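Every number in this text was worked out from the coordinates using simple rules, so none of it is lab data. In this text, all values refer to a predicted model and were calculated from it rather than measured experimentally. Neighbour counts run over all protein chains shown; Cβ positions are idealised from the backbone, glycine included.
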Amino acid sequence: MSFEQLTENARRVYAARFGGAPRWLAAAPGRVNLIGEHTDYNGGFVFPMAIERYTVIAAAPGGTPGRAALYSEIFDRTSEFSLLEKEPPAEKVDWESYVGGTIACALEKGLRPEPFRGVILSDVPLGGGLSSSASLEVAVATLVEAASGRQIDPVEKALLCQKAEHEYAFMPCGIMDQFISAMGEEGRAMLLDCRSFERQSVPLDNPNVVVLVINSNVKHTLSGSEYPERRSDCARAAELLGVELLRDADSEALAAARGTIEAEPNGGRIFRRARHFLTEEERTARFAEALRRGDYAAAGREMYAGHASLKEDYEVTCPETDLLVELAAQLGLENGIYGARMTGGGFGGSVVVLADREKAPAAAARIAAEYEAKTGIKPSWFVTRPAAGARLIEE
Ligand code: ADP
Ligand code: MG
């Protein structure tokens, strides 16, 4: 669906629900991370771009004084939220948690919206690793800004959305998703330093290059300890290297400390976890340089290497995402594939592929067919270019 179709649908659903035309259309995109995986909690770099998939809210002033009424098309339900006081989190996380949490955190930031009513539509797949949750939060924050007649600094806005996700959805996420959804730029990816919040805007604007996202459509259920275990392995590695965060170490220091680390209980594993992080930092820097030069084949090589590191050193890939990357690599440059890697937390989810615009659809169809033949699972895929972040359309 195009952005125009989605906003048109939002106007139509608004008219059907509340009558008349909306005053505001607030939109915020989902995202995909190009490289820099499992790096945020070590203070490292991530490299996301916004995708051409959005959450859109069509709204206008009105309704109950002191309240917002929002209808979720996906859940086919309208809920009300206080605009006067910070409501506490609900125990059970639902779509209202993201909306209510963002409104509550925006109130806490001093925004004073007039009452409004609106409808929420989205073509970001929910729970598909493309951060529909951040796109919803950022769209809500953008709407609350409009209803308050005041804009806040985009970094503040991203941070308040992250706070909503922490406190109302109980998800201890980093800053990437909200930053890119709030501040993405068309034709550019964002090299984001998760420690300083510094951002570099890196062009990915060659009209012949696209990003292909293929969802393996598997999500392996885990014990729940995988993520905290990797975090604590990294924290232990940092401790053994005498630094606060792995960000402060480098590959040379790690090589010098290898014996000490490996002598620890689980030392081999801890060493490999640290090696993934430190080499990923180097790959991310080289990837950004390659994009700046327009050398997509070089960028693609960093993606393959990143996947191998996530597979062998970080152990967060799975047979299905490994297969998708392998199939992409087999097609290779002559079929328009520059590189591929898993993206997101791992254990399933999506792979991100850098590809030639003309050849991407045929390559994707071949990868999908072979993946389905081998696994019996139908993957889903789409092609996108780096999109702009949150926007407000006033009617
Ligand atoms: P992801 O962010 O990877 O898509 P999450 O589990 O973090 O997955 O967030 C998905 C949740 O966000 C949904 O279950 C729903 O509660 C909420 N959500 C996202 N988009 C919408 C939407 N358009 N309408 C209502 N709720 C949404
Ligand atoms: Mg999410």
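Fully extended, how many nm does the chain gain between Glu87 and Ser196 (0.36 nm per residue separation, minus their Cα-Cα distance)? Show your work: numbers first, answer last.
Numbers: separation 109, 0.36 × 109 = 39.24 nm, distance 3.07 nm.
Taking Glu87 through Ser196 to full extension adds about 36.2 nm, to one decimal.
Would you please classify the overall shape of the range 1-108 from the alpha carbon gyration tensor, given that a ≥ b ≥ c denote the square roots of the eigenvalues, rounded means a/c under 1.5, and beyond that prolate means a/b larger than b/c while oblate covers the rest? Write down the numbers at each step before the final one.
Details: a/c = 2.50, a/b = 1.34, b/c = 1.86.
It is oblate, given that a/c is not under 1.5 and a/b is not larger than b/c.
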| said: For the range 253-346, what does the relative contact order come out to in percent, with C-alpha contacts under 8 Å and a separation of six or more? | reply: 25 percent
| task | Quick one: which residues, 5+ away or cross-chain, put their amide H under 5 Å from the amide H of Asp313? H built at 1.01 Å from N. | result | none
| field | ³J(HN,Hα), Karplus 6.51/-1.76/1.60, whole Hz, each residue of the range 53-65, x for Gly, Pro | value | 9, 9, 9, 10, 10, 9, 8, 8, x, x, x, 5, x
| request: Kindly provide the GluC sites (Glu not before Pro) of the range 93-199 that DSSP labels as loop, not H, G, I, E or B, and whose Cβ sees at most 14 other Cβ atoms within 10 Å. | output: Glu186, Glu198
| note | Assertion target for Val32, Val209, Val138, ordered by fewest C-beta neighbours within 10 angstrom first, is Val209, Val32, Val138
| message | Using a 7 Å offset from the Cα along the Cα-to-Cβ direction at both Glu80 and Thr260, what is the distance between the two label points in nm, to one decimal? | response | 6.2 nm
| Relative contact order computed over the range 1-135 (Cα-Cα under 8 Å; 6+ residues apart), in percent | 31 percent
| remark: Low-density loop chymotrypsin sites (Phe, Trp or Tyr not before Pro), the range 143-214, at most 14 other Cβ within 10 Å, DSSP non-H/G/I/E/B, are Phe170, Phe197
| remark: the range 36-63 scanned against label point 7 Å out from Ile393 along Cα→C-beta; backbone N under 14 Å for 53-59
| request: Step through the residues of the range 73-82 one at a time and calculate ³J(HN,Hα) from phi using the Karplus curve (6.51 cos²θ - 1.76 cosθ + 1.60, θ = phi - 60°), rounding each to whole Hz and writing x for Gly and Pro. | output: 5, 5, 9, 6, 8, 9, 10, 10, 9, 6
| task | Pull up all non-local amide H partners of Tyr338: gap of 5 or more, or a different chain, and H-to-H distance under 5 Å with H placed in the peptide plane. | result | Leu354, Ala355, Asp356
| message | Calculate the FRET efficiency for Arg231 and His166 from the Cβ-Cβ distance with a Förster distance of 22 Å, rounded to the nearest 0.05. | response | 0.90
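In percent, how large is the relative contact order of the chain, given Cα pairs closer than 8 Å and 6 or more residues apart? Show your work: numbers first, answer last.
On the way: 861 pairs, mean separation 87.5, N = 395.
Relative contact order for the chain comes out at 22 percent.
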| field | Distance between modelled label sites at Glu4 and Ala253, nm, 7 Å Cα→Cβ extension | value | 5.3 nm
| task | Express as a percent, rounded to the nearest 5, the fraction of DSSP beta bridges in the range 69-179 (both residues included) that run antiparallel. | result | 50 percent
| remark: Going from the fewest other Cβ atoms within 10 Å to the most, one would list Tyr41, Tyr338, Tyr98, Tyr54 as Tyr41, Tyr338, Tyr98, Tyr54
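Mean residue ellipticity at 222 nm from the helices of the chain, using -39,500 (n - 2.57) per DSSP H segment of n ≥ 4 over the full residue count, to the nearest 500 deg cm²/dmol? Mind showing how you got there, number by number?
Details: 11 runs with 171 residues, N = 395.
Computed ellipticity for the chain at 222 nm equals -14500 deg cm²/dmol.
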| task | Within 10 Å of each residue's Cβ, count the other Cβ atoms and sort Arg341, Arg293 from fewest upward. | result | Arg293, Arg341
| query | Considering amide H positions built from the backbone, and no H for Pro or chain starts, which residues 5 or more places from Trp381, or on another chain, come under 5 Å of its amide H? | reply | Asn215
| field | In Hz, Karplus ³J(HN,Hα) per residue of the range 231-242 (6.51, -1.76, 1.60; θ = phi - 60°; x = Gly, Pro) | value | 4, 6, 4, 5, 5, 5, 4, 4, 4, 5, 8, x
| request: Calculate the spin-label point distance for Asp94 paired with Leu222, positioning each point 7 Å from the Cα along the beta-carbon direction, and give it in nanometres. | output: 2.9 nm
| Hey, how many Å between the Cα centroid of the range 328-387 and the Cα centroid of the range 79-155? | 33 Å
